[in-house]
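Here's the structure we're looking at; comments come further down.
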Amino acid sequence: MRLSEGVRRFVRFAAVGLVGTAAHYALLIVLVEVIAAPPVLGAAAGFCLGAAVNYGLSRVWVFDSDRGHLVAFSRFLLIALMGLGWTALLMLLLARMAGLHYLVAQLLTTALVLFWHFAGNALWTFRRQVE
């Protein structure tokens, strides 16, 4: 992969993340504010929608993957769960131990975990299968 192709994929991946996050929050708000669902249910449903949006767009628009959905989606979710672990660890280190304001710590954590998600999905989840 040429550097420019890698940069293009990364920018697309980040854009997909924004779309997935918007879908997550939109469903959360509709469920809680319009339907009066409990916030935890709204957040869980929003997470599921955001994950589905991220997976679908990443598979087609970012990586153009030929890997089967069962394997790819399982890997995608595993990378996401590992990202959750990285998020918790980095927030502990940056906010609690280093004393950064939690929003500054979250911005730094989000930027770092974005690279984790991109690398994991590019190198493992959606990597082209060797024939």
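The values are calculated or read from the model by the stated rules, or taken from the named source; none is laboratory data. What you see is a predicted model, and the numbers here were worked out from it, not measured in a lab. The area values use the complete protein model at the heavy-atom level, side chains included, leaving out ligands, DNA and RNA. Shrake-Rupley method; radii C 1.70, N 1.55, O 1.52, S 1.80 Å.
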**Message:** If you average the C-alpha positions of segment 27-87 and of segment 2-26 separately, how far apart do those two centres end up, in angstrom?
**Reply:** 14
**Asked** Over the Cα atoms of segment 1-130, Rg to Rh with Kirkwood Rh, two decimal places?
**Response** 1.01
**Prompt:** At a 1.4 Å probe radius, carbon and sulfur cover how many percent of the accessible area of segment 1-99?
**Reply:** 76
**Complete:** Along principal axes, largest first, the alpha-carbon spread of segment 58-126 in whole Å comes out as 44, 19, 15
**Prompt:** What is the pair-distance distribution P(r) of segment 1-56, computed from all Cα-Cα distances in 10 Å bins starting at 0, with each bin given as a whole percent?
**Reply:** 27, 36, 21, 11, 4
**Message:** Looking at the chain as a GNM with Cα springs under 10 Å, which of Arg12, Arg96, Arg67 has the largest mean-square fluctuation?
**Reply:** Arg96
